[in-house]
Amino acid sequence: MPADAHPGPLRVLVLGASLRAASANARLAALVARMMTEAGATVDLAGMRDFGMPLYDGDLEVAEGLPAGALALRDRIERSDAFVIASPEYNASVPGVVKNAIDWVSRIRPQPFKTKHALLLSASPSLVGGNRGLWALRVPLEHLGTRVYPDMFSLAAAHQGFTEDGQLADSGLQQRLAETVTAFLSLVEADARYVCLQRRWYEFLGDRTGAPVTQRAED
């Protein structure tokens with residue numbers, strides 16, 4: 001299989017998508033960042049407070065241009081081969097601060113979400129672990145051309161889900177998370193390094209990102 005000219009280790013942006021410093025999603029993001037670093041990836045760990053921006057307003061965009069926070073997030077996505085979002089669930093959906101960031105960044109041309117691989121995670125004290133919010137988060141990302149990994153990870157009862165050293169208290173969940181991270185990195189590596197896999201995404205048989213049905217969403 002011919003190799004691409006991708007230099008060095010994989011680069012992954014890991015985003016804890018909560019504004020709270022003590023968020024369980026920040027802890028989950030930090031855990032995944034450590035796992036990816038141990039697997040040999042170069043990890044850029046970030047939080048939503050790193051990318052301050054106002055609510056999206058078309059008039060504000062015309063008058064003042066894109067906010068610095070949106071441009072900073074764009075830059076860090078572009079420098080990465082893939083990104084991970086550990087997001088809370090608000091009222092069975094995606095948090096407004098996350099959707100707002102996606103809306104602002106999607107205004108940039110070329111928009112950076114297109115063809116990037118993404119892994120979605122959540123942590124919540126609820127019994128569903130924030131999983132409903134991840135299904136809502138998939139929609140705008142996939143619309144923008146992101147290759148969202150089919151297997152998502154949600155940590156239920158997250159308020160008691162971590163050990164003091166930042167691992168998951170449930171060894172079975174720790175193993176499942178590690179397997180998910182490893183499989184995701186393997187997919188990203190294949191796409192980054194092998195020409196024959198570029199611009200193809202087999203979530204649906206025969207689907208390609210250049211097909212008319214996906215071209216509209218990605219541009």
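The values are calculated or read from the model by the stated rules, or taken from the named source; none is laboratory data. Keep in mind the model is a prediction, meaning the values are calculated, not measured. Methodologically, a virtual Cβ is constructed for each residue, glycine included, from the backbone with ideal geometry; neighbour enumeration extends over all protein chains shown. Quick note on the areas: whole protein, heavy atoms, side chains included, nothing else; ligands and nucleic acids left out. Shrake-Rupley method; radii C 1.70, N 1.55, O 1.52, S 1.80 Å.
Exposed (fewer than 15 other Cβ atoms within 10 Å of the Cβ), farther than 15 Å from Leu13 by Cα and of a type outside the set (D, E, K, R): which single residue out of Pro95, Pro54, Pro88 fits that description? Full working, then the answer.
Values: Pro95 fails: exposed (fewer than 15 other Cβ atoms within 10 Å of the Cβ); Pro88 fails: exposed (fewer than 15 other Cβ atoms within 10 Å of the Cβ).
The unique qualifying residue is Pro54.
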Top-ranked residue of the stretch 32-47 - restricted to ones that are out of contact with any strand residue (DSSP E or B) (no Cβ under 7 Å at 6 or more places or on another chain) and part of a helix (DSSP H, G or I), ranked as most open to solvent (accessible area, probe 1.4 Å):
Glu38
Consider Ala123 against the criteria (1) more than 28 Å from Glu78 (Cβ to Cβ); (2) touching a Pro at 6+ places or on another chain (Cβ under 8 Å): it satisfies all of them except one. Which criterion is unmet?
(1)
For the stretch 142-155, pairs from a residue that is at positive phi to a residue that is open to solvent by 20 Å² or more (accessible area, probe 1.4 Å), with Cβ under 6 Å and 6 or more apart or across chains, are Gly145/Lys114; Gly145/Thr115
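Results for (1) within 15 Å of the chain's Cα centre (by Cα); (2) in contact (Cβ under 8 Å) with a residue 24 or more places away in the chain; (3) part of a helix (DSSP H, G or I); (4) closer than 15 Å to Thr182 by Cα, shown as yes or no for each residue.
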| site | (1), (2), (3), (4) |
| --- | --- |
| Val14 | yes, yes, no, yes |
| Asn25 | yes, yes, yes, no |
| Pro54 | no, no, no, no |
| Leu71 | no, yes, yes, no |
| Ile77 | yes, yes, yes, no |
| Val84 | yes, yes, no, yes |
Can you find even one residue in the stretch 119-133 that is over 22 Å from Arg49 (Cβ atoms), assigned to a loop (DSSP other than H, G, I, E, B), open to solvent by less than 10 Å² (accessible area, probe 1.4 Å) and modelled with pLDDT under 95?
yes
Quick check: is even one residue across the stretch 95-108 closer than 23 Å to Leu187 by Cα and in a loop (DSSP other than H, G, I, E, B)?
no
Contact list please: Cβ distance under 6 Å, first residue in the stretch 113-140 and more than 17 Å from Val12 (Cα to Cα), second residue in a loop (DSSP other than H, G, I, E, B) and hydrophobic (A, V, I, L, M, F, W, C), pairs at least six apart or on different chains.
Leu127/Ala156; Gly129/Ala156; Arg132/Ala92; Gly133/Val94; Leu134/Met152; Ala136/Val94; Leu137/Val94
Selected residue (only one of Val105, Val62, Val128 is β-branched (Val, Ile, Thr) and closer than 26 Å to Leu173 by Cβ):
Val128
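A quick yes/no check of all residues on (1) among the basic types (Lys, Arg); (2) at pLDDT 90 or above; (3) out of contact with any His (no Cβ under 8 Å at 6 or more places or on another chain):
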| residue | (1), (2), (3) |
| --- | --- |
| Arg147 | yes, yes, no |
| His159 | no, yes, yes |
| Thr163 | no, yes, yes |
| Asp170 | no, yes, yes |
| Arg208 | yes, no, yes |
| Glu218 | no, no, yes |
Return yes or no: is Val62 open to solvent by 10 Å² or more (accessible area, probe 1.4 Å), over 24 Å from Ala136 (Cβ atoms) and β-branched (Val, Ile, Thr)?
yes
Search result, residues across the stretch 175-198 that are in contact with a Leu (Cβ under 7 Å, 6 or more places away or on another chain) and open to solvent by less than 40 Å² (accessible area, probe 1.4 Å)
Leu177, Phe184, Leu185, Val188, Ala190, Asp191, Ala192
